[in-house]
Amino acid sequence: METFPQIGVGIQYNGGLQPWFPFDELAVDAFEIFLDSLAGPIDSPYVAYPGALDSIEPLRARGAILIAHSNFGGEFGFDRLEETVAVRRHIPLTHMLKSPWVSDHCFYCDDSRADMWSSPLQLSRAELARLAPRARELQRLYGVPLCHENAVYYLPVPGSDMQEAEFLSALVDAAGTYLHLDLHNVYANSRNLPDYHCDQFLAEIPLDRVVEIHIAGGSELGGFYHDWHDNAVPEPVWEMLEQVLSATRIGAVVLEFQGRSHDAETRVLSAERDIETIYADVDRAIRMWERAYGRDSRALVRASAGSPVAAAEGVRAAIDGNGALVREADALPR
């Protein structure tokens, strides 16, 4: 059953690029928003950090659809679910954005956030049994599809007794949740792990549960290939994207471009070197989308034809009504 709208092609909104990249001029269907960049301190009474929503004002003003993305929610950790950042901050922020769905990372996470990128889940039946009820309850609280993003990792996770594709398939089946398919993570894992194969991964996951796709590029350093979002999308990722688009209905394809936010060794992005690359990747993704689904499947095209997407109208109303400061006590789910 389809429970999400078909939006089109978007780009991840990255405040680090904002000084030189014209996000508000880009002809995309959606912008993916890091909920972590908006969230107020957990020891404060505010869901949104004071002034944080101002940063997305130009996107809101043009009626863009905003897609929520959660990194440091802690929902797969060991704290009580109702005490996590996901529940106390990311759920109300997702409602404020009127996001049609929300994605999360399959990582452990605690209040320090320092282990975020290095601690993917143990892919075990024991963890599956622990996490499926949490994921089901979290999706209920969000009130929109919850999409689990496949991880990038460098070594097999100790204690695992399942392959990643098998684990994710079982998780969404048991929890009734969905998948966020990061194709560059799949590619990076195939570069770093000898027994990891892109074709096998795509063949084993339930493509009909995929709501959103990430595409990106990366870099080699120290004998590993890194998911640093700092280069053009590599050709094998484009090949996988075409394969998935032809096989199932997707809600959105989102380009990630970040640079130094991942590691000090990542190069600093610049307008002189990178703006044309970003435009070219967005354009190629749009052309692939339109070949697969038709031009009228894109939210931007529908809106320009006089049929604005309801989600975009909801974004305007939600942020206009709540303003930059929303108190936690008024926003938490019941």
Discussion item. Looking at His184, His148 in this structure, which one is closer than 25 Å to Asp199 by Cα, surrounded by 23 or more Cβ atoms within 10 Å (Cβ to Cβ) and out of contact with any Cys (no Cβ under 8 Å at 6 or more places or on another chain)?
Written reply: His184
Worksheet item: Could you count how many residues in region 243-286 are part of a helix (DSSP H, G or I) and under 16 Å from Ser297 (Cβ atoms)?
Response: 6
Practice prompt. May I ask you to list the residues in region 197-224 that are of a type outside the set (D, E, K, R), crowded, with 19+ Cβ neighbours inside 10 Å and touching a Ser or Thr at 6+ places or on another chain (Cβ under 9 Å)?
Written response: Phe201, Ile205, Val210, Val211, His214, Gly217
Worksheet item: Can Gly294 be described as modelled with pLDDT under 95, surrounded by fewer than 17 Cβ atoms within 10 Å (Cβ to Cβ) and within 22 Å of Ile7 (Cα to Cα)?
Response: no
Worksheet item: Quick check, is Glu212 of a type outside the set (A, V, I, L, M, F, W, C), in contact with a His (Cβ under 6 Å, 6 or more places away or on another chain) and more than 22 Å from Glu276 (Cβ to Cβ)?
Response: yes
Practice prompt. Report, by residue number, each residue of region 59-87 that is under 19 Å from the mean Cα position of the chain (by Cα), over 17 Å from Glu212 (Cβ atoms) and in contact (Cβ under 8 Å) with a residue 12 or more places away in the chain.
Written response: Leu59, Arg60, Phe72, Gly74, Glu75, Phe76, Gly77, Val85, Ala86, Val87
Practice prompt. Please go through region 90-109 and pick out each residue that is under 21 Å from Tyr46 (Cβ atoms), in contact with a Pro (Cβ under 9 Å, 6 or more places away or on another chain) and not β-branched (Val, Ile, Thr).
Written response: Pro92, His95
Discussion item. Take Pro133 and tell me if it is in contact with a Cys (Cβ under 9 Å, 6 or more places away or on another chain), surrounded by fewer than 16 Cβ atoms within 10 Å (Cβ to Cβ) and of a type outside the set (D, E, K, R).
Written reply: no
Worksheet item: Across region 85-99, what is the total count of residues that are among the basic types (Lys, Arg) and assigned to a loop (DSSP other than H, G, I, E, B)?
Response: 1
Worksheet item: Inside region 231-253, can you point out the residues that are over 19 Å from His69 (Cβ atoms) and among the small types (Gly, Ala, Ser)?
Response: Ala232, Ser246, Ala247
Worksheet entry | Answer residue from region 1-54, given it is in contact with a Leu (Cβ under 8 Å, 6 or more places away or on another chain) and among the hydroxyl-bearing types (Ser, Thr, Tyr) and is nearest to Trp289 (Cα to Cα) among those | Tyr13
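The values are calculated or read from the model by the stated rules, or taken from the named source; none is laboratory data. On a predicted model such as this, the values are computed, not experimentally measured, just so you know. FYI the Cβ positions are ideal-geometry reconstructions off the backbone, even for glycines, and counts take in every protein chain you see.
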